[in-house]
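The values are calculated or read from the model by the stated rules, or taken from the named source; none is laboratory data. Please read all numbers here as calculations on a predicted model, not as lab measurements. Heads up, the Cβs are rebuilt from the backbone with ideal geometry, glycines too, and the neighbour counts pull from every protein chain shown.
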Amino acid sequence: GIVPRVKAVDATEPTNGPVLIKGWVRTIRKQKTVAFVEVNDGSNLAGIQCVLTFDSIDDLSKAELDKVTTGCSVVVEGPLMESQGGKQALEVVATKIRVVGDCPGDSYPLAKKRHTLEYLRTIAHLRPRTNTIAAVARVRSHLAGAIHAFFQQSGFVYVQTPLITASDCEGAGELFRVTTLEMDKVSSLPLKKSEDGKSTTDEIDSSQDFFGKPAYLTVSGQLGGETYASALGDIYTFGPTFRAENSQTTRHLAEFHMVEPEMAFADLEAAMENAEHMLKYVVKHVLDTCNEDLTFFGKFYEKNLLARLEKLVSQPFARVSYRQAIDYLQEEIAKDPSKWQFPEVEFGTDLATEHERWLAETKFESAVFVYNYPRSIKAFYMRDNDEDGGETVNAMDLLVPGVGELIGGSQREERLETLLEKMKEVDLDPDEYWWYLDLRRFGSVPHSGYGLGFERLVTYVCGIENIREAIAFPRYPGHAEF
Ligand code: 4AD
Ligand code: MG
């Protein structure tokens, strides 16, 4: 009959008959009469040990064993049995081994056991074969699944908003331009000289743009999300976003993923409640499903990881107004300003990561919502706080230990006149946003939403230092290798 394949993660019970294990060899140890081959098939960290006693394998297997090296791909056949050795519960008592693809040890970059994460970034195509990056990939996948499950169970409609857009949602000017190769050729031609000898930009006038006007990679799906929330009630997006932020930090990527729920008939309070429920749900899910991987991260990356995640799930998130947060920071900084990279903090300061982390890690010792930010440092679409003399907007950021800002959200300005005024203040052309303004003209409703940085969530949950390990192929200034 057909020999069934078993993945290492499912190898929990001894079997009567033989099974197939398919994976990549991590180590091989040969003794006089027996060889031990550790195979990892990507389904878990531990992999599975295969024991090959020379007497009980076929002749071809004996020859194949000579080809087995770290990194080669193999199929091993034999029953799963309780292990004699102490390290693992079960092992494959092999009757057959076949090398599928060999792996020359002298050129295989992962032949050596330990590598720095910096080095692994230079071989991003092979690094998922390491424990760390494979574990990140599994946790990341479970987080994504849990995010969809949470919103689907809560009745939210999943909407895919476009990646190519004409608007700058955040108004921060961090846009990548989208162009065609044809256009690119035109714009790199020497510029035509006009009569007076000055160069003109005629050649790259926007009528030649593919879309008839300049187009960009989206920085956020929010504006499109608002249009669907204004029809379907509760929606969410979950997709790639792009920012040409020239920052070399452990928290920024040029290409990342955002989860953006948007809710009609909802205020800022509703957005904060939803964010807290969602985050607790997804973290609880990975605590339940990714125990082996999280324990690994707790051992090698952040000692306190499991306790920190348990705490997030079980305690109410703290809340503090921006004004109050500034007071706390000023008080703390006054004790020893030299300890701070940015000691100047006052109403209107855009908080730096060190400020955010102090609030989450030291002051509140877990997740904290900061709300009612000054309007001067926030995006045009956020709803003015009338109670606050117009100085603040209904915005919130969720700050968490280790990462700082994990979520940014707000209640949106639903009043046409107020929104028009706000757009004027920041020089946005109402004609370009006619469709966005239509939402305020035709059946406008109070509505709210937020954006969760998915790679920041992965960084937070895995307790790793750098967001560049949280995504398969990190894009940041100078890095888009393939
Ligand atoms: O705070 P941001 O800029 O908010 C928005 O874009 C809103 N339109 C979201 C909304 O209300 N629908 O970004 C949201 C989150 C941040 O809190 C952060 O976690 C993440 O996106 N983020 C980044 N993650 C990685 N690399 C970057 N360059 C990021 N910029 C923002
Ligand atoms: Mg933000």
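Answer yes if at least one residue in region 419-433 is closer than 30 Å to Leu457 by Cβ, buried (at least 18 other Cβ atoms within 10 Å of the Cβ) and either more than 16 Å from ligand 1 (Cβ to nearest atom) or β-branched (Val, Ile, Thr) (or both), and no otherwise. No - not one qualifying residue is present in region 419-433. Name the residues in region 225-241 that are under 25 Å from Ile471 (Cα atoms) and assigned to a helix (DSSP H, G or I), would you? Gly225, the sole residue that qualifies.
I'd like the residue in region 443-457 that is in a helix (DSSP H, G or I) and not hydrophobic (A, V, I, L, M, F, W, C) and, out of all such residues, is nearest to ligand 2 (Cβ to nearest atom). Before the answer, list the steps.
Applying the first criterion (in a helix (DSSP H, G or I)) to region 443-457 yields 454-457.
Then keep just the ones that are not hydrophobic (A, V, I, L, M, F, W, C); that gives 455-456.
On the way: Glu455: 14, Arg456: 11 Å.
Only one residue fits best here, namely Arg456.
Evaluate region 400-407: report whether one residue or more is surrounded by 24 or more Cβ atoms within 10 Å (Cβ to Cβ), farther than 26 Å from Lys280 by Cβ and either at pLDDT 95 or above or out of contact with any His (no Cβ under 7 Å at 6 or more places or on another chain) (or both). So far as region 400-407 goes, no, none of its residues is surrounded by 24 or more Cβ atoms within 10 Å (Cβ to Cβ), farther than 26 Å from Lys280 by Cβ and either at pLDDT 95 or above or out of contact with any His (no Cβ under 7 Å at 6 or more places or on another chain) (or both).
Looking at region 365-381, is at least one residue among the acidic types (Asp, Glu) and either within 9 Å of ligand 1 (Cβ to nearest atom) or in contact with a strand residue (DSSP E or B) (Cβ under 9 Å, 6 or more places away or on another chain) (or both)?
Yes, that holds for at least one residue.
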